[in-house]
Amino acid sequence: MQCNECQRSMVMTHDHGGTRDPQAETHLQGCVTCQTFARNLQGLDGLLLADTPDQVRPGFDTRFFARLNEQRKQPARRWHLWHLVAPLTGAVAAGVLGVILLAGPRTAPDLGDDLEVAMHLEMLEDLEVISNLEDTEAFEILAKLDEDDLRTLLTEEEMQ
Amino acid sequence: MLAFQAGSEEAFVKLYRLYRDRIFNFARRMLGDQAQAEEAAQDVFLKIYRAKDRYRANSKFSTYIFRVASNHCLNLLARKEHRLTDHGEMADHPSNNDDPESSASRSQLRSIIAEAVRDLPSKQAAALLLCLHEGMTYRDVAEALDTSESAIKSLVFRARETMMKKLSTQLPGAEEVAHAVQ
Ligand SMILES: [Zn+2]
């Protein structure tokens, strides 16, 4: 094994844990260069981690929420327009959703963003299980849902 | 639907509070400047807010937000003026509760590290910081940086290699370092 391979292997183990590759271990025992590299790997992390997390300066939240309020004005207009076409798009979305869930391919087709949003909202409205969760949990879970999860949840809803 | 939207608004604020400091510190380490990092962190949350109904359903929220943050910082760094900013500026914004001595040494350490990070190719820097400070797996870093896991292995390795050379005088056994990194 070359020094470079051994060092790459050390970095991998260093980042991901687990046991070191036996070949790398053998090389390391007989190679002063790689032994020094191993020490420096620890030393480097120690140094970088000494840059501990800092805090934002006072006024950060105030500035942020002021910017957020500014931004909210724009999406509000979009939602207003959206509500005009919601009944029609909702029906289309429900149809497309039915096709996807019952007979569709395992990956969702490439739909427009608005339709995708509509599908999410339509689904979520029906999913009491989500609305009963703590908000942050709900957000986290929504971020992880895939098609199989949604299929299961919808089936459970129908059975109740 | 209204209830859900109201709910997600609250959820957003909770997520903001959960991730604010992490995103800020990631941006600070990437950009090397407190004021720019604060603005960048705010930009990230504004982007998240705008796109809150458009998650890729199969991605973890932490990966998603660091993907947005990485992209944003990489874009900022790609603009030359950010590269040319005096990173010594960090010392101008000490935290309120620091005593002057520890603040000075921390500021010195930060400026040494910031300089080394700044000299890395931006994507290497992002990969290393996500791995080291966020404890993300290569797979999650790959997703955040929109590349392959094997590319991340290389990026992280090269970042560490370069940092060892750059920071050789700061590491224990300093005189040996230059020899060890080949
Ligand atoms: Zn060796």
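The values are calculated or read from the model by the stated rules, or taken from the named source; none is laboratory data. Being a predicted model, the structure only gives us computed values, none of them experimental. When we count neighbours, we look across all protein chains shown, and the Cβ atoms used for this are built from the backbone with ideal geometry, even at glycine. Accessible surface is based on the protein model in full, side chains and every heavy atom, while ligands, DNA and RNA are left aside. Shrake-Rupley method; radii C 1.70, N 1.55, O 1.52, S 1.80 Å.
Observations on the structure shown:
- A Förster distance of 30 Å, applied to the separation of the beta-carbon atoms of residue B:71 and residue A:32, puts the FRET efficiency at 0.10.
- Label-to-label distance, nm, for residues given as residue A:16 and residue B:104 (7 Å Cα→Cβ offset): 4.5
- Summed over both chains, the accessible area lost when B and A associate is about 6600 Å², using a 1.4 Å probe.
- Kirkwood hydrodynamic radius of segment A:3-50, Cα pairs, Å: 10.9
- Under the Karplus curve 6.51 cos²θ - 1.76 cosθ + 1.60, θ = phi - 60°, whole-Hz ³J(HN,Hα) for segment B:159-169, x wherever Gly or Pro sits: 4, 5, 4, 5, 5, 4, 5, 5, 9, 3, 6
- Take each residue in B:160-170, count the other chain C-beta atoms within 10 Å of its C-beta, and the mean is 4.
- Over 30 Å apart at the Cα level, from the set B:14/B:153; B:60/B:123; B:14/B:166, are B:14/B:153; B:14/B:166.
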